[in-house]
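Presented below is the structure to which this report refers.
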Amino acid sequence: MNRYNHLNEYLKNKFGERVLKICIDAGFSCPNRDGKCGTGGCIFCGEAGSGEHLNSLKSIENQVKD
């Protein structure tokens, strides 16, 4: 018996097909950089933050389309 529901399986069951995740830059700050939870970032982001590879000048709609 599997005690865990893996996200991939859950999404496949819910939508009936494979679902992909995409990255978008919504202009939010990072709690590990802005002082809310810490400073200096974390191991997951580069110096510019998690959206460094995205074009934050585009609207969210255009980021999703791209």
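The values are calculated or read from the model by the stated rules, or taken from the named source; none is laboratory data. Quantities reported herein were computed from a predicted structural model and do not represent experimental measurements. In this analysis, Cβ positions are derived from the backbone assuming ideal geometry, glycine residues included, and neighbour counts consider all displayed protein chains. In case anyone asks, the SASA skips ligands and DNA or RNA and just uses the protein heavy atoms, side chains included. Shrake-Rupley method; radii C 1.70, N 1.55, O 1.52, S 1.80 Å.
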Exercise for the section: Could you rank V64, V19 by how accessible they are, 1.4 Å probe, largest area first? Expected result: V64, V19
Practice task
Rank these residues by their accessible area, most exposed first, probe 1.4 Å: D25, D34.
Solution key: D34, D25
Practice task
At 1.4 Å probe size, with no ligands or nucleic acids counted, give the accessible surface of S29 in Å², nearest ten.
Solution key: 80 Å²
Fill in the blank from the handout: In nm, the gap between the two label points placed 7 Å beyond Cα toward Cβ at D66 and K14 is 2.7 nm
